[in-house]
Amino acid sequence: MPEFNFHYPLGGLFVLIGSIGFLKGFDFLAAQSVKRLLEMAARPQGESGRS
């Protein structure tokens, strides 16, 4: 009977944690972009935000 290798489930767990972290980070950055775009749309057209 072959012995059980722990590196397979641990590797899968690390990949799962990494992919969840990547998606959460991407979601955070997308929310920041949407927030910035909404702020720009709410600003009057004469103001460009640059000095």
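Computed values, structure above
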item	result
Single unsatisfied condition, Gly49 versus (1) open to solvent by less than 90 Å² (accessible area, probe 1.4 Å); (2) at pLDDT 90 or above	(2)
In region 1-39, the residues that are open to solvent by less than 100 Å² (accessible area, probe 1.4 Å) and either at pLDDT below 90 or not in a helix (DSSP H, G or I) (or both)	Asn5
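The values are calculated or read from the model by the stated rules, or taken from the named source; none is laboratory data. Computed from a prediction, not measured in an experiment: that's the story for all the values here. Ligands, DNA and RNA are stripped out before the accessible areas are found, and what is left, the full protein with its side chains, is counted by its heavy atoms. Shrake-Rupley method; radii C 1.70, N 1.55, O 1.52, S 1.80 Å.
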